[in-house]
């Protein structure tokens, strides 16, 4: 489980870094462009596997990073097992 959870978090972190955001910038961009209120702390918790984003947040993150929602949601579901 921890390995799967890490795969999800690592993918989120990789996408964020490739997009050129720190956690605060990612949170602000999600609110500005996607209307989703998320904190930098939450972004960090998603990346470390300490929390899973709700559907709306995960959808916003996928759109923000230009990633596939279905791929991210599958990784998130695998990490929850």
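The values are calculated or read from the model by the stated rules, or taken from the named source; none is laboratory data. None of these values were measured; they are calculated from a predicted model. Cβ coordinates were reconstructed from backbone atoms using ideal geometry, including for glycine residues, and neighbour counts include every protein chain displayed.
Observations
- Single residue of the range 12-24 satisfying the filter (touching a helix residue (DSSP H, G or I) at 6+ places or on another chain (Cβ under 6 Å) and assigned to a helix (DSSP H, G or I)) that is nearest to residue 74 (Cα to Cα): 12
- Restricting 42, 33, 5 to residues that are assigned to a helix (DSSP H, G or I), modelled with pLDDT under 90 and out of contact with any helix residue (DSSP H, G or I) (no Cβ under 6 Å at 6 or more places or on another chain) narrows the list to 33.
- Number of positions in the range 60-81 that are in contact (Cβ under 8 Å) with a residue 24 or more places away in the chain and touching a helix residue (DSSP H, G or I) at 6+ places or on another chain (Cβ under 7 Å): 12
- With respect to (1) surrounded by fewer than 19 Cβ atoms within 10 Å (Cβ to Cβ); (2) touching a residue at least 12 places away in the same chain (Cβ under 8 Å); (3) in a helix (DSSP H, G or I), the lone exception for residue 52 is condition (3).
- All conditions but one from (1) over 17 Å from residue 11 (Cβ atoms); (2) in contact (Cβ under 8 Å) with a residue 12 or more places away in the chain; (3) part of a loop (DSSP other than H, G, I, E, B) apply to residue 27; the one that does not is (3).
- Criterion: touching a residue at least 24 places away in the same chain (Cβ under 8 Å) and crowded, with 17+ Cβ neighbours inside 10 Å - qualifying residue of 38, 43: 43
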